[in-house]
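Bear in mind these aren't lab numbers, they're just calculated from the coordinates by the rules spelled out. If you're wondering where the values come from, they're calculated on a predicted model, not measured in any experiment. Counting neighbours? That spans all protein chains shown, and the Cβs are built from the backbone with ideal geometry, glycine included.
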Amino acid sequence: MQELEQSAKDRLKSEIEKEISENKIIFYGKGTKDMPMCGFTVETIQFLSQYGYPFEVVNVLHDMEKRAVLTEMTNWPTLPKVFINGKFYGDTDILGPMAENGELQAILKEAFPEGPAA
């Protein structure tokens, strides 16, 4: 893949930052909530769904430029890329142990002081 022009990188970075700021939980994966296109995206949807908080999934399966900018922003080479309350957390390999020790629940409670959706 050829190097993205700086203006294209800046545009994509702004787009990603806007998506992250508009969603308390968002992750970038392959496919959508309704039609995940890889096992890791399915796993992340199932993992996040158990907590009852709203989250968004952005499909970057065919958007190599956006994926490249996300990788550069996060220094994380693989998908999915999970953000909670504006902070990057990696994927379920990171979130799973955080859930086991209670750290994830504290982060979710801070992001959603009103509690999970009814």
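Give me the number: length gained by fully extending Ala111 to Ala8, i.e. 0.36 nm times residue separation minus the C-alpha to C-alpha distance, one decimal in nm.
Numbers: separation 103, 0.36 × 103 = 37.08 nm, distance 3.10 nm.
Gain on extension, Ala111 to Ala8, equals 34.0 nm.
Close amide H contacts of Glu56 (hydrogens built in the peptide plane, cut-off under 5 Å, sequence separation of 5 or more or a different chain): Ile25, Ile26, Phe27. Each of Leu61 and Thr78 was given a label point 7 Å from its Cα along the Cα-to-Cβ line. The distance between the two points is 1.9 nm. Multiplying the residue separation of Asp93 and Asp34 by 0.36 nm and removing their Cα-Cα distance gives an extension gain of 19.0 nm. Considering only Asn59, Asn75, Asn23, the Gaussian network model of the chain with Cα springs below 10 Å gives its largest mean-square fluctuation to Asn75. Inter-label distance, Glu19 to Gln50: 2.5 nm, where each label sits 7 Å from its Cα along the C-beta direction. Excluding Ala117 itself, calculate the net charge of residues whose Cβ lies under 15 Å from the Cβ of Ala117, where each Lys or Arg counts +1 and each Asp or Glu counts -1. Net local charge, Ala117 excluded: +1. Given (1) 14.7; (2) 14.1; (3) 15.9, which label gives Kirkwood radius over Cα pairs in Å as computed from the coordinates? Working out Kirkwood radius over Cα pairs in Å from the coordinates points to (1).
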